[in-house]
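Here is the structure we will look at, set down as structure tokens.
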Amino acid sequence: MQQTNKIYIAGHNGMVGSAIVRKLKAEGYNNLILRSSKELDLRNQSAVNAFFEAEKPDYVFLAAAKVGGIVANNTYRADFLYDNLMIEANIIHAAFVHKVTKLLFLGSSCIYPKFAPQPMKEEDLLTGILEQTNEPYAIAKIAGIKLCENYRRQYGCDFISAMPTNLYGPGDNYDLEKSHVIPALIRKMHLGKCLEQGDWKALRADFDRLPIEGVNGSNNDEDIIAKLNKYGITTQQPTPNHQQPKTNTQVTLWGSGTPLREFMHVDDLASACYFLMQNYSEEQFVNIGSGQELSIKDLAIMIKEIVGFEGELVFDKTKPDGTPRKLMDSGKLMGMGYKVEIELKKGLANVYRIVFFI
């Protein structure tokens, strides 16, 4: 890949795509092709074909996808399956038709069976049943992998795939219904801290930047409190007693907190994608992970400390946990010489400062 090549980053406004753009620019690549979803609907085959015909990219990073956390995945099942199938099929086929030199497709660790041996190896794909809460999204991503494999087998296309672990970083989605676990925890803890401190200026600023179902900073106190309560952020004013704190604030989280998860900063993922595009050209997809895991409870405690929330964490065990453990075996990638740079606690603290202007 040369700096003069035309490089298309599908999904450049998303967390992953924007990180890839940052990485490419840092490496001196400025001939980048970028289109927002408003400019180009990737679900529209004719529009995608016309775009490839006009732009003729040499390389493609396929980071565009409809994404969300456990609630969104389980609620919008048909949307997650249809949208992701259409996006990847249209781009991969257009890349073949218009003779793209190389394409990198990004999947997800949810492609692996719910009870896959740990750590999960690339060879574990399709060896067991999937986690039901995100099965449609996983099936779409598996289809993307198989498209790349079989365009390579039938037509000799240099299409490769990579499966990232759970990601966090700048540009994430902080919607309390549709976000992944880290942005959801960070925002819940931040709102809980504002509530326990009675910092209504900060609360209203948060709702102004990120309205929740039509409620913004201009709503009255009761509306904001009701919306916070809906998402498990509650407070009680105790009876007057100088030995008691001002408030008893709780943040309720889904599940038991026992599932183990691996997390990676999105800038590390972008570096890995750049590394693979430069150094890898095989049919087998490649895991991209940090190699480190911790429980959701320990993650919540870490974020609680970073944010400075002093209230109580409550785990609602009536809600689903999802897959009990998801650790990627990234030995193949590490064996090629790639190394993770950003330590989790440092990365989380940096993200909190960036997103909430701390």
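Peptides 260-268, 52-60: what's the order by average Cβ count within 10 Å, highest mean first?
Listed from highest to lowest mean packing, they are 260-268, 52-60.
Tell me the net charge near Val215. Cut-off is 15 Å between Cβ atoms, Val215 excluded, with +1 for each Lys or Arg and -1 for each Asp or Glu.
-3
So if I take the centroid of the Cα atoms in region 95-127 and the same for region 29-48, what is the distance between those two points in Å?
23 Å
When the Karplus curve 6.51 cos²θ - 1.76 cosθ + 1.60 is applied with θ = phi - 60°, which whole-Hz ³J(HN,Hα) does each residue of region 19-24 get, with x for Gly and Pro?
So the J values, rounded to whole Hz, are 5, 5, 4, 4, 5, 4.
For helix 266-279, what angle does its Cα long axis make with the longest principal axis of the chain, in degrees from 0 to 90 and rounded to 10?
10 degrees
Using the Karplus equation 6.51 cos²θ - 1.76 cosθ + 1.60 (θ = phi - 60°), what ³J(HN,Hα) coupling, rounded to whole Hz, does each residue of region 32-49 give in order, writing x for Gly and Pro?
9, 9, 10, 9, 6, 5, 6, 7, 8, 7, 5, 7, 9, 4, 5, 5, 5, 4
For region 44-199, taking Cα atoms only, what is the radius of gyration to one decimal and the Dmax to the nearest whole Å?
Just the Cα atoms of region 44-199 yield Rg and Dmax of 18.0, 63 Å.
Cα-based Rg of region 234-344 per 2.2 N^0.38 Å, rounded to two decimals?
1.51
Given a cut-off of 32 Å, name the pairs among Lys193/Lys332; Lys66/Lys99; Lys56/Lys146; Lys141/Lys188; Lys146/Lys345 whose C-alpha atoms lie farther apart than that in the structure shown.
From the list (Lys193/Lys332; Lys66/Lys99; Lys56/Lys146; Lys141/Lys188; Lys146/Lys345), the Cα-Cα distance tops 32 Å for Lys193/Lys332; Lys146/Lys345.
Taking springs between alpha-carbon atoms closer than 10 angstrom, which of Tyr174, Tyr280, Tyr155 fluctuates most in the Gaussian network model of the chain?
Ranking Tyr174, Tyr280, Tyr155 by mean-square fluctuation puts Tyr155 first.
So how many Å³ per residue does the convex hull of the Cα atoms of the chain work out to?
Given the Cα convex hull of the chain, per-residue volume reads 141 Å³.
How charged is the neighbourhood of Ala205? Take every other residue with its Cβ under 14 Å from the Cβ of Ala205, and add Lys/Arg as +1 and Asp/Glu as -1.
Spelling it out: positives minus negatives among the neighbours equals +2.
So how do His93, His180 line up by other beta-carbon neighbours within 10 Å, fewest first? Could you put the intermediate results ahead of the total?
Numbers: His93 16, His180 21.
Sorted ascending by nearby Cβ count, the order is His93, His180.
With N denoting the number of residues in region 157-300, provide Rg(C-alpha) divided by 2.2 N^0.38 Å, to two decimal places.
Against the compact-globule rule of thumb, the ratio is 1.38.
Considering the zone a paramagnetic label at Tyr82 would reach in this model (a point 7 Å from Cα along the Cα-to-Cβ line), which residues of region 38-73 have amide N under 15 Å from it?
42-45, 66
As an exercise, identify the GluC sites (Glu not before Pro) in region 272-358 lying in DSSP coil whose Cβ has no more than 16 other Cβ atoms within 10 Å.
Those satisfying the criteria are Glu282, Glu283, Glu310, Glu341, Glu343.
Output wanted: per-residue J couplings in Hz (rounded whole) for region 302-308, from phi through Karplus 6.51 cos²θ - 1.76 cosθ + 1.60, θ = phi - 60°, x for Gly and Pro.
4, 5, 4, 5, 4, 6, x
Once the Cα atoms of helix 181-196 and of the chain are each reduced to a long axis, what angle between those two axes, in degrees from 0 to 90 to the nearest 10, is obtained?
Tilt of helix 181-196: around 20 degrees.
Which loop-located trypsin sites (Lys or Arg not before Pro) does region 302-358 contain, where loop means any DSSP state but H, G, I, E or B and the Cβ has at most 15 other Cβ atoms within 10 Å?
Passing both the DSSP loop test and the Cβ count: Lys317, Lys339.
None of the figures in this text is laboratory data; all of them are computed from the coordinates on show. Because the structure is a prediction, the values reported are computed rather than measured. Quick reminder, even Gly has a Cβ in these numbers, built from the backbone with ideal geometry, and neighbours come from all protein chains shown.
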